[in-house]
1. Within the stretch 330-341, how many residues are touching an Asp or Glu at 6+ places or on another chain (Cβ under 6 Å) and assigned to a strand (DSSP E or B)?
2. For the structure I just gave you, tell me whether ALA392 is over 21 Å from SER354 (Cα atoms), in contact with a Ser or Thr (Cβ under 9 Å, 6 or more places away or on another chain) and among the aliphatic types (A, V, I, L, M).
3. Do we have VAL385 as under 31 Å from the mean Cα position of the chain (by Cα), under 19 Å from ASN71 (Cα atoms), open to solvent by less than 70 Å² (accessible area, probe 1.4 Å) and aliphatic (A, V, I, L, M) here?
4. Those residues that are small (Gly, Ala, Ser) and either open to solvent by 20 Å² or more (accessible area, probe 1.4 Å) or assigned to a loop (DSSP other than H, G, I, E, B) (or both), I need them from the stretch 51-96; list them, please.
5. Which of the following residues is in a strand (DSSP E or B), at pLDDT below 90 and either at positive phi or open to solvent by less than 40 Å² (accessible area, probe 1.4 Å) (or both): LEU317, LEU349?
6. Go through the stretch 107-163 and count every residue that is touching a His at 6+ places or on another chain (Cβ under 7 Å) and either open to solvent by less than 10 Å² (accessible area, probe 1.4 Å) or modelled with pLDDT under 90 (or both).
7. Being among the small types (Gly, Ala, Ser) and either within 14 Å of the chain's Cα centre (by Cα) or open to solvent by less than 30 Å² (accessible area, probe 1.4 Å) (or both) is the filter here; which residues of the stretch 289-306 pass it?
8. Could you count how many residues in the stretch 164-185 are modelled with pLDDT under 75 and hydrophobic (A, V, I, L, M, F, W, C)?
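The values are calculated or read from the model by the stated rules, or taken from the named source; none is laboratory data. Remember, predicted model here, so these are calculated numbers, not experimental data. Don't worry about glycine lacking a Cβ; one is built from the backbone with ideal geometry, like all the others, and counts go over all protein chains shown. Just so you know, the surface numbers come from the protein's heavy atoms only, side chains and all, with ligands and any DNA or RNA stripped out. Shrake-Rupley method; radii C 1.70, N 1.55, O 1.52, S 1.80 Å.
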Amino acid sequence: MRISLCTRNAVLIVALTPHLVGAAAAYVRTTYFTPWAFAAAVADFNKDGLPDVIVVPQTSPPIPATIWLNNGAGGLTVGPPATIGAGGQEVAVGDWNQDGLADAAVVTGSGLSVLLNIPGGGFRDTLLQLPQSPHCIEVGDFNEDGLDDLVVGDGYLGLMTILLNQGGGRFAKNTLSLGVVGGAIAAAVADLNQDGHLDIVRANPGGANRLYLGDGHGSFAQSYLSIGRSGGVAVCDLDGDGYIDLANTIQQHVQAWRGQGDGTFLAQEATATCCFPNDVESANLDGDGSPDLVVVENTNVLLLSNRGDGVFDVAPLPLPGKGYEVAAADLNNDGIDEVIVGCMEVDSLVVFWSVRTVDVPNGGPGPLRVRTSPNPARGQTRLVVENLGRDAELSLYDVSGRLVDRRGFGPSEGVGGIRVPRVGRLPAGLYFARVRSGTWAATTRVVMVR
């Protein structure tokens with residue numbers, strides 16, 4: 001079941017499945033105007049301890065990538081632009097020059113834009129020419145020297161190129177070509193045969209997939225991977241047996257493959273049937289310890305909640321336009337991943353913020369529980385704090401991170417419920433109520449409707 005409540009640029013979406021555990025039951029969809037938004041990745045670019053988002057546009061002539069900085073109140077604010085080449089495809093993040101700052105690398109139609117983070121803000125762009133038409137990119141330490149290396153896949157001929165990091169933001173390009181074997185639309189990196197070295201999976205929508213087994217020195221042995229034609233691929237332990245499994249998008253469904261620990265995989269029943277799936281990524285949607293999946297299918301995101309054995313319950317989240325690439329990361333530190341999608345045709349970065357009542361210890365008779373009722377509300381609501389053991393402070397922010405209201409209260413007031421806002425009524429929109437008590441804090445989302 002899906003319930004949507006529009007609130008300007010935010011929509012509360014309740015996606016219910018038979019298994020979804022508490023925190024994954026509701027998401028607030030917020031759109032951020034981002035021209036030609038195609039792919040996104042997450043890293044702490046300004047070193048404030050909060051994960052930020054870089055968004056790559058797919059357009060020619062080129063326009064800069066957009067950095068959205070986390071405001072710490074459950075929202076994003078635009079940061080410094082990052083110049084890249086035309087036709088952005090995918091983006092990876094890491095520390096290319098070992099300065100402790102998060103850098104990025106963007107696959108474009110003209111090569112690879114290596115973006116080095118400049119202390120104080122901004123990025124320095126270096127373009128690396130690559131063979132043919134690079135399409136996908138992944139990060140891994142392939143020669144085990146402690147530096148972040150890259151693998152880039154060609155979208156037409158399938159030429160896979162390893163770029164070994166030489167330090168200082170320099171890469172030895174074309175170090176190893178993994179063969180011309182058909183288009184490489186996506187890739188994933190993990191130790192798939194339990195030998196302690198990183199391997200590479202290459203997804204091909206037009207033919208056979210490939211598995212490249214690493215030796216820890218930057219070299220790979222190539223083998224076939226019989227998982228059908230793939231548009232996207234993700235790697236994680238889906239069934240909890242200690243072996244890395246695969247999930248890929250195949251034509252009109254998502255398929256899970258059980259890893260055997262030796263680089264081979266066994267198919268299980270189709271995980272989800274969908275219409276034209278694009279990308280798939282692993283995610284933490286419910287905090288139960290089992291990796292879940294998120295899939296972009298046309299104008300929806302599918303949440304695939306793992307029951308713990310590689311069997312999934314499925315719930316859709318609507319997008320404002322067609323989605324292409326998906327990312328997942330915990331942006332608000334509530335233990336549940338947000339879902340991040342670029343919708344190029346409508347110039348939007350879409351973030352599905354998880355809605356969750358947070359339990360934290362605070363010295364009272366039990367876990368601190370924060371909830372609002374009603375939620376959604378019309379102009380005002382009440383915030384209840386259970387098991388509060390000492391005085392606390394409530395801060396209310398709007399979706400842009402602007403402080404709307406702040407006041408202190410005691411344990412008895414928390415049990416009875418605090419009026420939000422203190423006076424008047426709030427316009428329709430998305431708000432964030434943050435409660436601090438001593439060194440502990442909890443945040444919950446409040447949606448006001450007309």
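1. Going through the stretch 330-341 one residue at a time, the tally reaches 0.
2. yes
3. No.
4. Once the filter is applied, which keeps residues that are small (Gly, Ala, Ser) and either open to solvent by 20 Å² or more (accessible area, probe 1.4 Å) or assigned to a loop (DSSP other than H, G, I, E, B) (or both), the stretch 51-96 yields SER60, GLY72, ALA73, GLY74, GLY75, GLY79, GLY85, ALA86, GLY87, GLY88.
5. So the residue among LEU317, LEU349 that is in a strand (DSSP E or B), at pLDDT below 90 and either at positive phi or open to solvent by less than 40 Å² (accessible area, probe 1.4 Å) (or both) is LEU317.
6. Summing the residues that are touching a His at 6+ places or on another chain (Cβ under 7 Å) and either open to solvent by less than 10 Å² (accessible area, probe 1.4 Å) or modelled with pLDDT under 90 (or both) in the stretch 107-163 gives 4.
7. Filtering the stretch 289-306 for residues among the small types (Gly, Ala, Ser) gives 289-290, 305.
Those that are among the small types (Gly, Ala, Ser) and either within 14 Å of the chain's Cα centre (by Cα) or open to solvent by less than 30 Å² (accessible area, probe 1.4 Å) (or both): SER290, SER305.
8. Residues that pass the stated criteria total 5.
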